[in-house]
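Reviewing the structure listed below.
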Amino acid sequence: MSSDARASLSAPATIKSFNIASNEGKTAELVGGIIKLQYFESLLNDTVSANILYVDTGGAVDGKTVLDGLPLVGGEKSRFIIEDNQGTELTVTLYANDITPLSDDTHGQLVSISSVSKEYLLNEKIRLYEKFKGKISEAVKKILTDANYLGTEKNITGIDDTFEEEYNFMGNSKKPFYTINWLSKKAVPAVSGEEAASGKTAGFFFWETSEGYHFKSIDTLLGQEPKKKIIFNDTPDDCGKQVPPGYDVKALSFSKTNAQTATDKQKVGARDTRIVTFNPFDGVYKVTTPNSGETEGSITTGGKKLATQNPELVRTGANKNFSRTTYAITDTGSLPSGSTEQQLQKSKNENFKVEKVLNQSIMRYNQFFSFKAEVVIPGDFSLHAGDAVYIDTPQLTTEETSEVNEQSGGLYIITELCHFLDINGTYTKLNLVRDSVERTPIDR
């Protein structure tokens, strides 16, 4: 990238088009009146969303304002194309969810439009009634693409295979997104094979980006190569012209914090848990105490290791070292598939290995959010929620040094992303998390 290009990264980006169509078929182009656009992606949201602020001066539709001429009542389809200052285009189709006039005078009115994905709105009208069988990942694909359900035409190549050969369940009149998120806690990554089946790791995230829908395990997310390498320091970089070699961009701001207090980590069971199971088939009552120490080394982490626990806080003795208890009835012999003979053969099999999976997913979800950072960089539309980035910050020391911070630097995952455009500039804010400490070096 040339020095001139780097210097203009934060300049106002191009809104190439923002077309909106009324539910009655009329269309209007809003690009000339938009004064602010925000686009959002998040691992914790099922779909993407956007918000625009535009000035409606009248005469756009049949001599009236867009608000009155289309008219805008909710559910209108819009398609926008924006381009950052590196030439990356972002094309998104959304549907109006909230339309709010903020001011109104004789010269024009200020209107806010919040838009969401089509599937977000359809989700409120759809219920699942049938029996699902097979892999969890196949059930997720069916819920998304089947015409009886969400029927999305968006890309679903971001959905990873899950390990279990068969997990059968009833839709029970639940909504599609509720069911997918419910399944996320039961899913085990296929890439871990038998090791995962032994209770080493579990837990998936389901989310949407402009590239489609994703269903990926925590270990897959943390095992990615970084998409961008970011440096944050106080050294003047001449408006981006002198970003140090090996890095893609310099952060405009950076802050980090523990996402959870020590007490919170205990309450949610990030380290030490207990699960009490009862098998009504044979009357067996069982207590096990999974903990993070048993799985470290078998899971993929963003840093070198999980944070060390103070040994004074570790209790010894059988079934004593736990901070959260889960109770569950084992799912034995329920909803077996196949012929009558095959169903009889499977009647003693566990449909869901709750003892090996449930608490592992609880621990992994809470470990994943152990450390949090917030970064603002010049607008970069190539980044998406779920991507990995690598961040380096200077080491604070009494001696003059150019060393980077080995404790908090390294790989992070984008959990939330906002592209912000207005007349003053274009910025991308990243909310980042990871599960572990100490920077793992990468070739730069």
Straight-line reach from Lys286: which lysines have a Cα under 24 Å away, not including same-chain ones fewer than 8 places off? Lys185, Lys186, Lys200, Lys267, Lys320, Lys346, Lys348, Lys353, Lys356
In the chain, with Lys and Arg counted as +1 and Asp and Glu as -1 at Cβ, which of these residues, Thr14, Pro290, Gly134, has the Cα nearest the positive end of the dipole, that is, farthest along it? Pro290
Here the gain from full extension of Lys227 to Asn51, 0.36 nm per residue of separation minus their alpha-carbon distance, amounts to 60.8 nm
Among Cys418, Gln367, Phe352, whose Cα projects farthest towards the positive end of the dipole of region 325-444, with charges put on the beta-carbon of Lys, Arg (+1) and Asp, Glu (-1)? Phe352
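Could you tell me what fraction of 2.2 N^0.38 Å the Cα radius of gyration of region 268-325 comes to, as a two-decimal ratio? Intermediate values should be presented prior to the final figure.
Details: Rg = 14.1 Å, N = 58, 2.2 N^0.38 = 10.3 Å.
Here the Cα radius of gyration is 1.37 times the empirical estimate.
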Sticking to Cα atoms, compute the Rg of the chain to one decimal and its Dmax as the biggest Cα-Cα distance, whole number, in Å. 25.0, 79
Expressed as a whole-number percentage, the relative contact order of the chain with C-alpha contacts under 8 angstrom and at least six residues apart is 18 percent
I need the calculated FRET efficiency for the pair Thr93 and Lys133, taking r as the beta carbon distance and R₀ as 30 Å, to the nearest 0.05. 0.35
Determine the order of Thr277, Thr300 by accessible area, beginning with the largest, at a probe radius of 1.4 Å. Thr300, Thr277
Above 20 angstrom, tally the Cα pairs of region 316-378 and express them as a % of all pairs, no decimals. 56 percent
Rounded to the nearest 500, the 222 nm mean residue ellipticity computed for the chain from DSSP H runs (n ≥ 4, each -39500 (n - 2.57)) alone is -4000 deg cm²/dmol
Give me the tail of P(r) for region 27-136 as a percent: Cα-Cα pairs with distance above 19 Å. 53 percent
Give me the base-10 log of I(q)/I(0) for region 226-378 at each q in 0.12, 0.14, 0.17, 0.19 Å⁻¹, Debye formula, one uniform scatterer per Cα, rounded to two decimals. -0.72, -0.84, -1.02, -1.14
Would you calculate the separation in nanometres between label points at Ser255 and Tyr327, each defined as 7 Å from the Cα along the Cα-to-beta-carbon direction? 4.1 nm
Among Gly75, Leu43, Gly63, whose Cα sits farthest toward the positive end of the charge dipole of region 41-86 (+1 at Cβ of Lys/Arg, -1 at Cβ of Asp/Glu, about the Cα centre)? Gly63
Angle check, please: helix 136-145 long axis (alpha carbons) against the longest principal axis of the chain (alpha carbons), in degrees 0 to 90, nearest 10. 30 degrees
Counting Lys and Arg as +1 and Asp and Glu as -1, each charge on the Cβ, what is the dipole of the chain about the Cα centre in debye, to the nearest 20? 1520 debye
Ignoring ligands, DNA and RNA, what percent of the 1.4 Å accessible area of the chain is carbon and sulfur? 48 percent
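The values are calculated or read from the model by the stated rules, or taken from the named source; none is laboratory data. Model, not experiment: these values are computed from the prediction. FYI the Cβ positions are ideal-geometry reconstructions off the backbone, even for glycines, and counts take in every protein chain you see. What goes into the accessible areas is simple: the full protein's heavy atoms, side chains included, and nothing from ligands, DNA or RNA. Shrake-Rupley method; radii C 1.70, N 1.55, O 1.52, S 1.80 Å.
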